[in-house]
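The values are calculated or read from the model by the stated rules, or taken from the named source; none is laboratory data. In this text the structure is predicted, and so the values were computed from the model without any measurement. All Cβ positions, even for glycine, are placed from backbone atoms using ideal geometry, and neighbour counts span all protein chains on display.
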Amino acid sequence: MIARVTREIETLASVKGPDLGGETAPMQAQILQSRFRKFVESGTDFPTVAVNQRDGVIATKWRKLLRDSLYQTIADPDAVVNAHPYFKELAALAFTVPVVVTYNFDDFLERALVQSPRRPHGTIGYYSAWGPHFVVQQDRPVVYHPNGYIPFQAIDRYSEEVILTEEALSNQIIDAARGSFALLVEYFSKSPCLFIGFSLTDPGMRSMLRQAARASSGTIHYYIRYCGSGAPPPAEQEEASQANFDLFNIVTLYLDGDEIKALLELLSMDDEDTFNDVFVRAGAPQRYLYYIAGVVSVGKTSVISRLQGPEIVDEWLRPRNPLIAKPSDELDDSERKRVDEWILEQVRLKNGRFARAGGGLHVMDRAPLDAFAFTLPNEYRDKAESIYETACAGKSGSPQSLQKGHLIVLKGDPRVLQTRQIWRGRGGKESYLEEQQNALVAVYDDAFGKVTFIETAGQDIESVTKQVLHAIHREPYAEFDFDKRLEFFRSAVS
C-alpha cells in the first residue's frame, strides 16, 4: 500500500522528494503524509478554509487518498470475495466467535459475512468497530479494526484515524501501554485466538500480545504463517516458532493456501458426523488427554486454573471429604478406609469424564495412580486391587480401562511445599512430603509411557504454567499406559 500511496502522491504537481526505500514502512508513510499535507496547504482555495477546520480537511483528503490507493485495482469488491480461496470458510468461522480482529483496513471480511449463508436473519451479519473500545454484539460478530477502517464505499462508516504513519503507530503503542486498549488486551488475555493473514511485525500488535501474555500466562494463540512459495527450512521454522511461543504464547502453523482453507473448513464445521468422519478418514486423533500430577501444594491446581482453552476435569467432582486434608500417615484404619473409598470413587468418575471426552484438548487435575504415593510399598498390591475393583469397576464384571494420556508431573522442594501447607492450615512434615514425592515419581516410571517431569523449585507459577503449556503444545503427544502400570502392581509378588 505504501508503494501505491507513493505513486499517487508523486503524480501530484510540485510534490517531490528523495527516495524513501531506506526507511521503515511507518516512517515512509509519515514522510508521505507530510508531503501530502504540504500539497493540500499549497492549494489556491486552502486559505479560504477556516483555521479550525483545516486539519479536518487535510485528514479527509488523506483518507480519500488512502482509500483510492487501497482499492486502486478493485472494480468489484464482491467479486474479489467470491474469487478468494477461503473467504467463505473464514466468514463461516467468524459467526462462531464474538469478535474478529483484523489489522486490514479494507472491508472484504465484512462483505464475506454479508454473503455468508450463516448470516442471521434481520442483520447485515457484522458490526464494524475501531479505536480503543468496542462492544460485543448479541447476534453478530464484531469486526474490530485496531488500525482503522476504510470501506470500499465512501459513504459507509469509516474510522477517523488510520494507523499507518510512524506518529500514529507510536501513539497507539503508548496508548496501549497506558491502558487505552485494555478491552483488546483483555480479549487476547482470556480468549485463545487464531491469527491469519498478517505477519507479527506490527509493533502495536506485538506490544498488545506481549501485554496479554504477561497478564495471562495460560492463554495460547495460534498463528498461521502463510507459505505460498513453500515452507521455510525446518531449522528456521523451529527457531521462529519457539520465539513466538516464548514472547506471545503463540503456536505457529506453517500452511499454504489449500491447507488454510482445509483448516478453516474444519473449524467452521457444524455437522458433528462430518467432523468426526474427517478424522476417521485421516487416521488422526480427535482428542488429546493430559494429566497433571504432583504432591500436595506443588501447584497443580494453580497451574490448571490459568489454562484457557482446554476442557478441564477438576481435582474432585464432588464436595471434598474433610479427611483428605489430613496427612495419610496420621489417619487411623477407619479414616483411611473412608478416604480410600472416596478418592477411588473420584478416580472412577474422572476416568469416565475422559472416556466420554470429545474432540480437543483435555486436562485433568491429578492422575489415576496418585493413590500409590500415599501407600506403603508393601501394600502396593492390595492398593492396586482396590483401584481395579473400585476405580475401574472391576468387581462389576465389566472393568473400565484407565484412559491413556500424556502425563505431566510437577516436582517441588519439600521445604517449600511444607511452608505452603502451613500457610494453608494443613499438616505434613518435610520428610513426609519428600517421601510422597519420591514415591509418586517411582510410580510413574516412564517405562510405561510418556512422562514429562517439571521442576518447580525456584520458579513462580507463571513460569511453571509456561512449561506445562510447552509440554502440551510444543512437545510430541505420547501417552502413559495407566492400565499397564496398574497391572504391574496387581501381579507383583507380595
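Conditions tested, residue by residue: (1) part of a loop (DSSP other than H, G, I, E, B); (2) surrounded by 15 or more Cβ atoms within 10 Å (Cβ to Cβ); (3) assigned by TED's automatic domain parsing to the domain that holds residue 99; (4) in contact with a Leu (Cβ under 7 Å, 6 or more places away or on another chain).
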{"position": "188", "(1), (2), (3), (4)": "no, yes, yes, yes"}
{"position": "201", "(1), (2), (3), (4)": "yes, no, yes, no"}
{"position": "204", "(1), (2), (3), (4)": "no, yes, yes, yes"}
{"position": "208", "(1), (2), (3), (4)": "no, yes, yes, yes"}
{"position": "211", "(1), (2), (3), (4)": "no, yes, yes, no"}
{"position": "235", "(1), (2), (3), (4)": "no, no, yes, no"}
{"position": "242", "(1), (2), (3), (4)": "no, no, yes, no"}
{"position": "247", "(1), (2), (3), (4)": "no, no, yes, no"}
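Against the definition (in the same structural domain as residue 337 (by TED's automatic domain parsing), crowded, with 19+ Cβ neighbours inside 10 Å and either aliphatic (A, V, I, L, M) or in contact with a helix residue (DSSP H, G or I) (Cβ under 6 Å, 6 or more places away or on another chain) (or both)), how does residue 416 come out, yes or no?
Spelling it out, it is not the case that residue 416 is in the same structural domain as residue 337 (by TED's automatic domain parsing), crowded, with 19+ Cβ neighbours inside 10 Å and either aliphatic (A, V, I, L, M) or in contact with a helix residue (DSSP H, G or I) (Cβ under 6 Å, 6 or more places away or on another chain) (or both).
Select from region 115-148 the residues that are more than 20 Å from residue 95 (Cα to Cα) and more than 23 Å from the chain's Cα centre (by Cα) and write down the one among them that is surrounded by the most Cβ atoms within 10 Å (Cβ to Cβ).
148
If you take the residues in region 72-88 that are more than 33 Å from the chain's Cα centre (by Cα) and not small (Gly, Ala, Ser), which one is nearest to residue 8 (Cα to Cα)?
72
Kindly provide the set of residues from region 150-167 that are crowded, with 19+ Cβ neighbours inside 10 Å and either farther than 18 Å from residue 29 by Cα or touching a residue at least 40 places away in the same chain (Cβ under 8 Å) (or both), ordered by number.
Passing the criteria: 150, 151, 158, 162, 163, 164, 165.
Which of (1) surrounded by 15 or more Cβ atoms within 10 Å (Cβ to Cβ); (2) under 22 Å from residue 330 (Cβ atoms) is the odd one out, the single condition residue 377 does not satisfy?
Unmet condition: (1).
Yes or no: residue 312 over 24 Å from residue 435 (Cα atoms) and assigned by TED's automatic domain parsing to the domain that holds residue 373?
yes
Return the residues of region 260-297 that are at pLDDT 95 or above, aliphatic (A, V, I, L, M) and under 30 Å from residue 425 (Cβ atoms); say none if nothing qualifies.
Those that are at pLDDT 95 or above, aliphatic (A, V, I, L, M) and under 30 Å from residue 425 (Cβ atoms): 292, 293.
Anything in region 317-349 that is free of Cβ contacts under 8 Å to residues at least 40 places away in the same chain, within 28 Å of residue 464 (Cα to Cα) and buried (at least 16 other Cβ atoms within 10 Å of the Cβ)? List them, or say none.
324, 343, 346
Only residues in region 373-393 that are basic (Lys, Arg) count as the first member; pair them with residues that are crowded, with 19+ Cβ neighbours inside 10 Å and part of a helix (DSSP H, G or I), Cβ under 9 angstrom, at least 6 apart or cross-chain, and list the lot.
Hits for this filter: 381/489; 383/340; 383/371; 383/372; 383/374; 383/489.
Check off (1) modelled with pLDDT under 90; (2) crowded, with 16+ Cβ neighbours inside 10 Å for residue 230 and give me the number that stays unchecked.
Here residue 230 clears every test but (2).
Looking at (1) assigned by TED's automatic domain parsing to the domain that holds residue 10; (2) touching a helix residue (DSSP H, G or I) at 6+ places or on another chain (Cβ under 7 Å), which is the one condition that is false for residue 34?
In the conditions (1) assigned by TED's automatic domain parsing to the domain that holds residue 10; (2) touching a helix residue (DSSP H, G or I) at 6+ places or on another chain (Cβ under 7 Å), residue 34 misses (2) alone.
Any idea which of 109, 184, 169 is in a helix (DSSP H, G or I), closer than 26 Å to residue 83 by Cβ and within 27 Å of the chain's Cα centre (by Cα)?
109
Does residue 320 qualify as being farther than 24 Å from residue 451 by Cβ, out of contact with any strand residue (DSSP E or B) (no Cβ under 6 Å at 6 or more places or on another chain), part of a loop (DSSP other than H, G, I, E, B) and at pLDDT below 95?
Here the answer is yes, as residue 320 does meet what is asked.
Output the residues belonging to region 454-471 that are surrounded by 15 or more Cβ atoms within 10 Å (Cβ to Cβ) and under 14 Å from residue 409 (Cβ atoms).
Correct list: 454, 456, 464, 467, 468, 471.
Going residue by residue through region 238-257, is there one that turns out to be more than 20 Å from the chain's Cα centre (by Cα) and touching a residue at least 40 places away in the same chain (Cβ under 8 Å)?
yes
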